[in-house]
Amino acid sequence: MNAADISISGLLLGLLLIAPTLLIIWRLKLGFNQKLLVAVGRMLIQLGFVGVYLKYIFLLDNAFVNLAYILLMVLFAALSGIRNSSLRLKKLLFPTFTAMLLPTLFTIFYFNLAIVQIDHIFQANILIPIAGLMLGNTLKTNIVALKSFFNIAQKEEKTYLFLLANGATKNEAARPFLKEAIRTAMAPNLATMATVGLVSLPGVMTGQILGGSDPMLAVKYQIMVMIIIFFNSLLSNILQLLFAIRNGFDNRDQLNKELLSKA
Amino acid sequence: MIRFKNVSLQLGNKQLLKNFNLRISKGDKVLLAAESGTGKTSLLRLILGFNAPDEGRILFNKKVITTETIHKVRRQIAYLSQDVDFPNGKVSEVFKDIFDFEANRHINFSEERLIEKLDEFNLAHEILNKNTSIISGGERQRLGWALIQLLDRSVLLLDEPTSAMDEKQKQRFIDFVANTNKTVICVSHDPVWQIEPMKTITSFIA
């Protein structure tokens, strides 16, 4: 069983829906027509490219190429994470990259070896989409974790100093902030897991069902994916924040406030 | 024990300390009673190594306080900040966490010992189950005193440590300071602190 193809005429008819969309936006003076056109254009170009090169990457299916592709995805995730945290984090690029890469590599190989049990663990059509799923979520949670960590650390600086002055190391004094930041960052994942299937079908399942999979198989994948996403994000969060504690304070253990304001 | 040698410190555009010299011997009790905004808290921060002086040196046990030595110095200090900034959480757990710090693990701490202090300071046992964010200022200060007495360090840095207490409660802690052999530096405007054996300092600009 395969997904029903979308023909050229079908694609064009689909794109035609943009016309009434633009019209509505224009009539209601919502003012984002230009932005929408740019977004649609970017989507067409970006996904067009992705479609073409994924096709070749899947055909080639070379372990090194696949790994290199993952490294690139992690790099883009790290860059985007830093930009979106509105922190001046030049110092945090390498740590962020590492905090995203290490858990992702571990989890993806565990997924391939132990869960799906495929022979070729670098198999492109599993490695790349699954890594993409994990990174997407990790990126979101790491941004929240970083932002809340530095927010709390700034707001609760007196508590931090009080603990520091009564015997705590930098790590011990910052631990309450780390815990709070992880709780905040992981909360949406918990909520999603607890309500999955009630409102909408999650992405992986939808994709597989559209692709012709048996719903039970789709459900199995969905459950596994949610678990590895949660695991991966949590691990990456913790690493990210440990690096933040390492880099975010000076050698007198004072919060490095230059990190906080965007230049 | 603690020595300020020609120390100057400027924060923003305010000169807080200028060529400041102070020699505190072991067991001395020093009261910093200058006007507010004159750098009393900054002086404590300098000893804790939170700030570096612009000029001059600060010695702790004959060694200059540097980024290499601050951790060793901090391990010999107990500190009460103005608002006694306990972290958010249940009082009993906050205490347990603090005594779980590597530097504090050697201290013989137990809930029983904390309860003894609560009794001594007229705090109800129920406070152990309360969150630190809802207890009153006076209760916080007494809990802070319980903490630093249990930490049992050789140096106490106290920033307005009795500001939320009535006269009777104040006297208990003033007596404690007067009779301890610890080295104490206390910031307070309150004239009740200006008694023997406190050495009062009112200006930091030479």
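Taking only the alpha-carbon positions of chain A and ignoring solvent, what does the Debye formula give for the base-10 log of I(q)/I(0) at q = 0.07 Å⁻¹? Cα-only, vacuum Debye calculation for chain A: -0.33.
Compared with its chain on its own, the range B:71-87 contains the following residues whose accessible area drops by 20 Å² or more in the full protein assembly (probe 1.4 Å; ligands, DNA and RNA excluded): B:HIS71, B:ARG74, B:TYR79, B:ASP83, B:ASP85, B:PRO87.
Between the DSSP loop rule and a limit of at most 10 other Cβ atoms within 10 Å, which trypsin sites (Lys or Arg not before Pro) in the range A:218-263 are left? Could you put the intermediate results ahead of the total?
Numbers: sites: A:LYS220, A:ARG246, A:ARG252, A:LYS257, A:LYS262; in loops: A:ARG252, A:LYS262.
Those that pass, being in a loop and sparsely packed, are A:LYS262.
Relative to the longest principal axis of the Cα atoms of chain B, the long axis of helix B:167-179 makes an angle of roughly 60 degrees.
For B:ARG113, the solvent-accessible surface with a 1.4 Å probe is about 80 Å², rounded to the nearest 10.
Between the DSSP loop rule and a limit of at most 12 other Cβ atoms within 10 Å, which trypsin sites (Lys or Arg not before Pro) in the range A:3-79 are left? Don't skip to the end; give the middle numbers.
On the way: sites: A:ARG27, A:LYS29, A:LYS35, A:ARG42, A:LYS55; in loops: A:LYS29.
Sparse-neighbourhood loop trypsin sites (Lys or Arg not before Pro): A:LYS29.
Computed log10 I(q)/I(0) for the range B:38-130 at 0.13 Å⁻¹: -0.61, from the Debye equation with unit scatterers placed on every C-alpha and solvent omitted. Highest average first, the peptides A:230-242, B:90-102, A:110-122 ordered by how many other beta carbon atoms sit within 10 Å of their residues are A:230-242, B:90-102, A:110-122. Averaged over the residues of peptide A:117-130, the number of Cβ atoms from other protein chains lying within 10 Å of each residue's Cβ is 0. In the protein assembly as shown, the portion of solvent-accessible area held by carbon and sulfur atoms comes to 60 percent [1.4 Å probe, whole percent, DNA, RNA and ligands not counted].
Of B:LEU114, B:LEU11, B:LEU128, which is the most mobile in a GNM of chain B whose springs link Cα atoms less than 10 angstrom apart? Top of the fluctuation ranking is B:LEU11.
Summarised in one figure, the compactness ratio Rg/Rh of the protein assembly as shown, Cα atoms and Kirkwood Rh, is 1.12. Across the range A:184-199, rounded Karplus estimates of 3J(HN,Hα) from the backbone phi angles (6.51 cos²θ - 1.76 cosθ + 1.60, θ = phi - 60°) give 4, 5, 8, 3, x, 4, 4, 4, 4, 5, 6, 10, 4, x, 6, 9 Hz, Gly and Pro being marked x.
The order of B:LYS72, B:LYS14, A:LYS90 by accessible area, most exposed first and with a 1.4 Å probe, is A:LYS90, B:LYS72, B:LYS14. Straight-line reach from A:LYS155: taking Cα to Cα under 14 Å and skipping same-chain neighbours fewer than 8 places apart, the aspartates and glutamates in range are A:GLU180, B:ASP85. For chain B, the Stokes-Einstein estimate of translational diffusion at 10 °C and a viscosity of 1.306 mPa s comes to 89 µm²/s, using the Kirkwood hydrodynamic radius over alpha-carbon pairs.
On a 26 Å Cα-Cα criterion, which of the cross-link pairs A:LYS257/B:LYS40; B:LYS62/B:LYS199; A:LYS55/A:LYS90; B:LYS62/B:LYS96 come out too long?
On the way: A:LYS257/B:LYS40 23 Å; B:LYS62/B:LYS199 21 Å; A:LYS55/A:LYS90 35 Å; B:LYS62/B:LYS96 33 Å.
Those over the limit are A:LYS55/A:LYS90; B:LYS62/B:LYS96.
Packing around the peptides A:131-138, A:160-167, taken as the average count of other Cβ atoms within 10 Å per residue, puts them in this order, highest first: A:160-167, A:131-138.
Using the beta-carbon distance between B:GLU120 and A:PHE106 and R0 = 41 Å, what value does 1/(1 + (r/R0)^6) give for FRET efficiency, to the nearest 0.05?
Values: r = 52 Å, r/R0 = 1.28.
Working from the Cβ atoms, E equals 0.20.
Backbone phi angles across the range B:38-47, fed through the Karplus curve with coefficients 6.51, -1.76 and 1.60 (θ = phi - 60°), yield HN-Hα couplings of 9, x, 5, 5, 4, 4, 5, 4, 5, 5 Hz in residue order; Gly and Pro are listed as x.
The values are calculated or read from the model by the stated rules, or taken from the named source; none is laboratory data. Just so it is clear, the model here is predicted, and its values are computed rather than measured. Cβ: placed from backbone, ideal geometry, glycine included. Neighbour counts: every protein chain shown. Ligands, DNA and RNA are stripped out before the accessible areas are found, and what is left, the full protein with its side chains, is counted by its heavy atoms. Shrake-Rupley method; radii C 1.70, N 1.55, O 1.52, S 1.80 Å.
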